[in-house]
1. Within the stretch 437-456, does at least one residue satisfy the condition of being aromatic (Phe, Trp, Tyr), under 26 Å from residue 500 (Cβ atoms) and either in contact with an Asp or Glu (Cβ under 8 Å, 6 or more places away or on another chain) or at pLDDT 90 or above (or both)?
2. Give me the helices (runs of 4 or more DSSP H) completely within the stretch 65-147, filtered to those with at least 2 residues that are among the acidic types (Asp, Glu), ordered by residue number.
3. Restricting to the stretch 161-194, and then to whatever is charged (D, E, K, R) and outside any helix (DSSP H, G or I), can you tell me which residue is surrounded by the fewest Cβ atoms within 10 Å (Cβ to Cβ)?
4. Output yes when any residue across the stretch 239-262 is closer than 16 Å to residue 369 by Cβ, surrounded by 15 or more Cβ atoms within 10 Å (Cβ to Cβ) and within 36 Å of the chain's Cα centre (by Cα), and no when none is.
5. What number of residues within the stretch 201-234 are buried (at least 19 other Cβ atoms within 10 Å of the Cβ), not in a strand (DSSP E or B) and not assigned by the TED database to the domain that holds residue 363?
6. Hey, residue 427 hits all of (1) within 21 Å of residue 459 (Cβ to Cβ); (2) touching a residue at least 60 places away in the same chain (Cβ under 8 Å); (3) not hydrophobic (A, V, I, L, M, F, W, C) but one; which does it fall short on?
7. Of the conditions (1) in contact with a strand residue (DSSP E or B) (Cβ under 7 Å, 6 or more places away or on another chain); (2) closer than 13 Å to residue 424 by Cα; (3) not hydrophobic (A, V, I, L, M, F, W, C), residue 504 clears all except one; give me its number.
8. So, residue 422, is that one buried (at least 23 other Cβ atoms within 10 Å of the Cβ), assigned by the TED database to the domain that holds residue 47, of a type outside the set (Val, Ile, Thr) and closer than 30 Å to residue 187 by Cβ or not?
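The values are calculated or read from the model by the stated rules, or taken from the named source; none is laboratory data. This one's a predicted model, so the numbers in the text were calculated from it and none came from an experiment. Heads up, the Cβs are rebuilt from the backbone with ideal geometry, glycines too, and the neighbour counts pull from every protein chain shown. To get the accessible areas, we keep the full protein, side chains included, count just its heavy atoms, and leave off ligands, DNA and RNA. Shrake-Rupley method; radii C 1.70, N 1.55, O 1.52, S 1.80 Å.
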Amino acid sequence: MAAPAVPQPRSSKTESYVDNKRKEDIRQANIVAARAIADAVRTSLGPKGMDKMISTASGEVIITNDGATILNKMEVLQPAAKMLVELSKSQDSAAGDGTTTVVVIAGSLLKQCLSLLSHGIHPTVISDSLHKTAIKAVDVLTAMAVPVELSDRESLIKSASTSLNSKVVSQYSTLLAPLAVDSVLSVVDPAKPDLVDLRDIKIVKKLGGTVDDTVLVKGLVFDKKVSHAAGGPTRIENAKIAVIQFQISPPKTDIEQSIIVSDYTQMDRILKEERNYILGMIKKIKATGCNVLLIQKSILRDAVTDLSLHYLAKAKILVIKDVERDDIEFITKTLNCLPIANIEHFRSEKLGYADLVEEASMGDGKIVKITGIKDMGRTATVLVRGSNQLVIDEAERSLHDALCVVRCLVNKRFLIAGGGAPEIELSRQLGAWAKVLHGMEGYCVRSFAEALEVIPYTLAENAGLNPITIVTELRNRHAQGEINTGINVRKGQITNILEENVVQPLLVSTSAITLATECVRMIMKIDDIVTVR
């Protein structure tokens with residue numbers, strides 16, 4: 001082993017911090033690894049950002065622009081770099097949008113930390129100043145924000161379309177943004193106005209057509225076809241719908257056993273029993289006036305047999321089988337009915353009512369639509385169409401981001417300008433604040449203020465503009481007090497971004513900054529990696 005590095009003599013003993021070589025190396029390795037991850041997604045930031053094509057081990061291909069998705073699919077081995085993946089995940093669950101931004105900010109802060117460390121500033125000092133900077137930054141952002149009302153549909157649509165602008169499906173943002181806004185607003189519960197559960201919005205993907213054909217369905221859509229086994233009905237008006245969790249098929253024994261039938265009369269008796277058993281069940285179902293059955297998928301035995309389908313068709317009951325177990329809760333909430341677990345509990349008060357249940361052909365397959373539901377629960381269904389699977393998947397992810405943006409606005413009703421405006425303003429105000437602070441802190445805060453300029457810089461770079469000129473001009477404009485000036489990527493110049501309708505929820509920006517600083521502070525405090533076999 002080499003002797004530990006001899007500390008270099010410094011003029012003041014108290015201020016400088018001299019580390020031994022190993023800890024410095026570990027810190028440096030962590031920061032370099034994390035920055036490599038940040039640089040990987042940096043090119044996909046903003047409306048002119050590039051997309052990534054991810055080829056997984058199983059051979060499937062994903063094309064996406066969503067930071068969280070890219071990082072999720074990456075095979076990251078370095079533990080500090082894994083923290084950045086977790087960071088974008090937490091931003092995805094907290095705000096839903098801005099998953100790339102948060103990683104880019106973290107990478108830029110780490111770059112500044114590296115230079116501060118090389119100046120001999122103690123990591124704890126850096127970490128504490130970061131914490132103070134984050135608190136101050138959130139205050140500055142809140143001061144810039146514009147309040148918004150939920151009834152102001154225009155503003156909500158603007159922010160949703162800003163979120164969609166950086167995606168592959170940006171040309172359809174005029175269609176998808178209002179769709180996202182309407183679906184979230186239809187789910188908001190007046191009793192709990194600031195809570196939106198996105199699980200109440202179901203996204204059904206169907207191949208065929210283009211993204212233009214995407215629709216919001218007030219009702220239910222099943223990506224299945226009606227069981228046509230015996231010429232049953234495919235369209236029913238004034239439907240009474242039952243969701244059942246039992247099987248309409250002859251019972252099985254509980255243990256594995258075989259029954260040996262020796263003569264033909266017994267065989268007939270068994271078949272007759274089966275028939276009577278099924279007929280008895282169907283009579284009970286028919287007695288309540290039910291004419292649409294949704295049957296849950298069953299593991300133990302077939303949920304329906306050919307015989308039972310034949311009798312159900314005779315009774316003019318429409319059957320949709322193999323409904324997934326996870327969908328049951330959503331279906332019952334929408335139809336305002338109760339799932340029925342046993343034939344004995346089949347009563348008319350447990351049924352849901354709808355005007356129309358019909359089968360429609362879509363693309364190469366068929367779907368079942370239930371519309372005009374009576375006392376419909378607060379849910380919405382979006383039917384996403386696309387020409388190939390990659391587009392559909394990306395459209396679904398983009399729509400999810402747009403829904404999250406609207407959800408953020410419901411939670412915290414403030415809008416803020418986009419296009420790099422808030423970051424430059426933060427950088428300016430924090431820079432001014434740094435001059436007031438004393439000692440090391442002011443020094444740290446100043447470099448963190450510089451770090452925030454990475455967002456407008458990257459936006460300009462990805463759009464093929466000259467980043468240095470653009471950012472300098474932006475600083476100049478902001479120093480003159482034009483708070484909402486940002487980079488207009490479409491025109492390739494600097495304009496007032498609020499007038500261009502480029503807006504984002506306050507929650508996206510604040511959570512991006514707090515989460516990024518938190519992550520960087522954790523990386524700063526690590527001084528050794530111990531592998532345990």
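1. Here is the first cut: in the stretch 437-456, the ones aromatic (Phe, Trp, Tyr) are 443, 448.
Of the ones still in play, those that are also under 26 Å from residue 500 (Cβ atoms) are none.
Looking through the stretch 437-456, none of the residues is aromatic (Phe, Trp, Tyr), under 26 Å from residue 500 (Cβ atoms) and either in contact with an Asp or Glu (Cβ under 8 Å, 6 or more places away or on another chain) or at pLDDT 90 or above (or both).
2. On the way: elements: 67-73, 79-94, 99-118, 123-144.
Qualifying helices (runs of 4 or more DSSP H): 79-94, 123-144.
3. 192
4. Filtering the stretch 239-262 for residues closer than 16 Å to residue 369 by Cβ gives 239, 241.
From what's left, surrounded by 15 or more Cβ atoms within 10 Å (Cβ to Cβ): 239, 241.
Restricting the remaining residues to those that are within 36 Å of the chain's Cα centre (by Cα) gives 239, 241.
Yes - at least one qualifying residue is present in the stretch 239-262.
5. 2
6. Of (1) within 21 Å of residue 459 (Cβ to Cβ); (2) touching a residue at least 60 places away in the same chain (Cβ under 8 Å); (3) not hydrophobic (A, V, I, L, M, F, W, C), only one is false for residue 427: (2).
7. Looking at each condition in turn, residue 504 falls short on (2).
8. yes
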